[in-house]
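The values are calculated or read from the model by the stated rules, or taken from the named source; none is laboratory data. If you're wondering where the values come from, they're calculated on a predicted model, not measured in any experiment. Glycine gets a Cβ as well: all are built from the backbone with ideal geometry, and neighbour counts include every protein chain shown. To get the accessible areas, we keep the full protein, side chains included, count just its heavy atoms, and leave off ligands, DNA and RNA. Shrake-Rupley method; radii C 1.70, N 1.55, O 1.52, S 1.80 Å.
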Amino acid sequence: AADAVAGAAELLRGGYIVYFRHTSTDFGQSDEAMADFSDCSKQRNLTDTGRVEARAIGTAIRALNIPIGDVLASPSCRTLETARQMFGRATATPEVRGGPASASPERYADLRRLLSKPVPAGVNLLIVSHGNPFVAVAGPPYLAEGEAAIVEPLGSSGFRIVARVRKDGWAALAAPAR
């Protein structure tokens with residue numbers, strides 16, 4: 001909790017990346033029949049609870065006055081919807097797409113570069129993606145649905161995880177600010 005408070009305070013200055021795993025989904029659905037990202041009927045999608053969670057996270061982040069610049073998302077329906085429920089916008093970005101955690105290192109090389117690239121002061125980059133890509137580039141533990149990692153980009157030195165915030169953690173952080 002202390003790391004989350006410190007991480008949220010750092011976000012006020014900008015220059016960080018907030019990497020979210022999409023919010024709650026219906027595990028009764030599967031991506032196995034997916035032929036392309038545009039057909040949401042063949043993907044695992046957000047539940048109504050996941051939509052409520054995403055809106056609550058966005059509301060809490062706004063209450064904290066955390067400056068958000070670009071909002072990037074995996075092209076999957078659940079990640080785009082999570083981002084749009086949070087902030088009303090999202091840019092589908094292949095560099096943050098999902099896939100198996102055990103994929104070859106090249107599969108997530110673009111994500112690793114993106115997490116290492118400095119973000120200008122005054123804004124934070126927000127990424128909504130999946131758990132597998134993040135664990136593949138940052139290592140365990142695995143992000144839960146709706147959980148975020150606050151990432152400090154270090155340029156050629158890579159990146160470091162400053163804090164992790166559970167999906168209900170943002171509202172708790174915002175409560176004192178009200």
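Of all residues in the range 107-121, those that are farther than 16 Å from residue 135 by Cβ have Cβ atoms under 6 Å from Cβ atoms of residues that are assigned to a helix (DSSP H, G or I) and modelled with pLDDT of 95 or more, 6 or more apart or on another chain, in 118/155. How about the range 136-152: which of its residues are surrounded by fewer than 17 Cβ atoms within 10 Å (Cβ to Cβ) and among the aliphatic types (A, V, I, L, M)? Hit for the range 136-152 is 144, nothing else. Would you check if residue 144 is within 25 Å of residue 5 (Cβ to Cβ) and modelled with pLDDT under 95? When the stated conditions are applied, residue 144 does not pass them.
If you go through the range 121-178 and keep only what is within 16 Å of residue 17 (Cβ to Cβ) and basic (Lys, Arg), you end up with 160, 164.
Restricting the range 66-80 to residues that are in a strand (DSSP E or B) and in contact with a Ser or Thr (Cβ under 8 Å, 6 or more places away or on another chain), which is most open to solvent (accessible area, probe 1.4 Å)? Quick ask: steps written out before the conclusion?
Restricting attention to the range 66-80, the residues satisfying the condition of being in a strand (DSSP E or B) are 68-73.
Narrowing the set further to residues that are in contact with a Ser or Thr (Cβ under 8 Å, 6 or more places away or on another chain) leaves 70-73.
Numbers: 70: 104, 71: 5, 72: 25, 73: 0 Å².
Applying the filter and picking the extreme gives 70.
Sub-6 Å Cβ pairs linking a first residue in the range 150-168 that is over 12 Å from residue 3 (Cα atoms) to a second residue that is open to solvent by 50 Å² or more (accessible area, probe 1.4 Å) and not hydrophobic (A, V, I, L, M, F, W, C), at least 6 apart or interchain, are 152/160; 153/117; 153/118; 155/118, ordered by first then second residue. State whether one or more residues within the range 30-39 are in contact with a Pro (Cβ under 9 Å, 6 or more places away or on another chain), at pLDDT below 90, under 23 Å from residue 136 (Cα atoms) and of a type in the set (Phe, Trp, Tyr). Yes, the range 30-39 contains at least one residue that is in contact with a Pro (Cβ under 9 Å, 6 or more places away or on another chain), at pLDDT below 90, under 23 Å from residue 136 (Cα atoms) and of a type in the set (Phe, Trp, Tyr).
Taking residue 52, is it open to solvent by 20 Å² or more (accessible area, probe 1.4 Å), farther than 26 Å from residue 160 by Cα, out of contact with any helix residue (DSSP H, G or I) (no Cβ under 8 Å at 6 or more places or on another chain) and modelled with pLDDT of 95 or more? Steps first, answer last, please.
Values: open to solvent by 20 Å² or more (accessible area, probe 1.4 Å): yes; farther than 26 Å from residue 160 by Cα: yes; out of contact with any helix residue (DSSP H, G or I) (no Cβ under 8 Å at 6 or more places or on another chain): yes; modelled with pLDDT of 95 or more: yes.
Considered against the rule, which asks whether it is open to solvent by 20 Å² or more (accessible area, probe 1.4 Å), farther than 26 Å from residue 160 by Cα, out of contact with any helix residue (DSSP H, G or I) (no Cβ under 8 Å at 6 or more places or on another chain) and modelled with pLDDT of 95 or more, residue 52 comes out as yes.
Among the residues of the range 86-119, those that are assigned to a loop (DSSP other than H, G, I, E, B), open to solvent by 60 Å² or more (accessible area, probe 1.4 Å) and touching a Pro at 6+ places or on another chain (Cβ under 9 Å) comprise 97, 117, 118. Checking each residue in the range 50-80 for being in contact (Cβ under 8 Å) with a residue 40 or more places away in the chain and of a type in the set (D, E, K, R) picks out 53, 70, 78.
Kindly establish whether residue 60 is assigned to a helix (DSSP H, G or I), open to solvent by 30 Å² or more (accessible area, probe 1.4 Å) and not acidic (Asp, Glu).
Working: assigned to a helix (DSSP H, G or I): yes; open to solvent by 30 Å² or more (accessible area, probe 1.4 Å): no; not acidic (Asp, Glu): yes.
Judged against the criteria, residue 60 is not a match.
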